[in-house]
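Worksheet: the structure to be examined is printed underneath.
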Amino acid sequence: MPFQLSTDRRVYRCTVCGRITTKPILYKTCCMNRPVVFCSKVCAEKWIREWMRRQEQFRRGGPLVRL
């Protein structure tokens, strides 16, 4: 499960929608080397839903299908 990191005073670009923000939400997972940046809770929840779906696909051994 992704966990939230504390932030500093930088400008970041949202991974999901591409907006620039100074108050980002940062998440890090065990399988990623760098944190994922979000501009809002909506973008974070959208990414987490997709991430969980992909993890379930890996666990079941089925093909990864994109909508």
### Task
Before anything else, pin down the relative contact order of region 12-60: Cα pairs under 8 Å, at least 6 apart, normalised by residue count, whole percent.
31
### Task
With a probe of 1.4 Å, find how much accessible area region 12-60 has per residue, and write the answer as a whole number in Å².
71
### Summary
Karplus-derived 3J(HN,Hα) from phi for region 32-48 (6.51 cos²θ - 1.76 cosθ + 1.60, θ = phi - 60°), whole Hz, x at Gly and Pro, runs 10, 7, 10, x, 9, 10, 10, 8, 8, 5, 4, 5, 5, 5, 4, 5, 5
### Query
What trypsin sites (Lys or Arg not before Pro) in region 9-54 are in a loop by DSSP, with at most 11 other Cβ atoms within 10 Å of the Cβ?
R9, R10
### Query
How much of I48 can a 1.4 Å solvent probe reach, expressed as accessible area in Å² and rounded to 10?
30
### Cα-only radius of gyration and Dmax that characterise region 12-60, units Å
11.5, 38
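The values are calculated or read from the model by the stated rules, or taken from the named source; none is laboratory data. Remember, predicted model here, so these are calculated numbers, not experimental data. With ideal geometry, Cβ positions are generated from the backbone for all residues, glycine too; neighbour counts draw on all protein chains shown. Calculation scope for accessible area: heavy atoms of the full protein, side chains included, ligands and nucleic acids excluded. Shrake-Rupley method; radii C 1.70, N 1.55, O 1.52, S 1.80 Å.
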